[in-house]
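None of the figures in this text is laboratory data; all of them are computed from the coordinates on show. All of these numbers come straight from a predicted model, not from anything done at the bench. So basically every Cβ, Gly included, is an ideal-geometry build from the backbone, and we count neighbours across all protein chains shown.
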Amino acid sequence: MLKKLSIAVAIVFSFCAFAIFAFAQKTPQAGDNFTEIELLKPADKNHLKYLGLSGSGTFTINQIKAHAVIIQIFSMYCPYCQADAPNVNRLYKLISGDSKIKDKIKIVGIGAGNTQFEVNTYKKKYSVEFPLIPDGDFKIHKAIGEVRTPYFFVVKLNDSTKPKVLYSKLGAQDDIEKFLAQAIKLAGIK
């Protein structure tokens, strides 16, 4: 009887483990379609305009009016994100100050596990000028494979087709000029 119970427990455990791994999302890598996620539209009208959006509610990455988007996954509590904030701010300024690329590449930050209050606190403390989107319930974070922070994606936007991942990497961006040049090249922006 004990042997049958042990086998039954092992089978149930195996099914549970399979279910957990079957539903776990993998982090999109270069060449993959970017995970379809819904993001909360920024309340700031300048951020909506920057992204080429209007109204309120949610949006998908592919609705951003650009050729490519750099997505930074960050957390207000991440010391690496905090240390990297000046570099990412500089990246935004390099892009927005270059008339050849400013309408072709956009940046958006997604605060993994961060509420709107936490995102606003981070934005104010580190003088972030580009849109930061809250992900207080980790829904987006889970959908992209529960990456550590900071994590960067460069995604090519294709209007009616699925966005393609061009770059997917954990870690701060030490050489902003090199990263931007790589993003421009990968996106085929001239």
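For this structure, a couple of remarks:
- Exposure proxy order (Cβ contacts within 10 Å, fewest to most) of I70, I101, I189: I189, I101, I70
- Unit charges on C-beta of K, R, D, E only; dipole of region 26-187, Debye: 340 debye
- Largest mean-square fluctuation among P134, P79, P150, in a Gaussian network model of the chain whose springs join Cα atoms under 10 Å apart, belongs to P79.
- Among P79, G97, F153 - extreme Cα towards positive end, dipole of region 26-187, charges at beta-carbon: G97
- Mean-square fluctuations from a GNM of the chain, with a 10 angstrom spring cutoff on Cα atoms, peak among Y167, Y151, Y77 at Y77.
- Estimated from helical segments only, the mean residue ellipticity of the chain at 222 nm is -12000 deg cm²/dmol, where each DSSP H run of four or more residues counts as -39500 (n - 2.57).
- Convex hull per residue volume in Å³, alpha carbons only, for the chain: 146 Å³
- Positive-end residue, the chain charge dipole about Cα centroid, Cβ charges, pick of A30, P134, V88: A30
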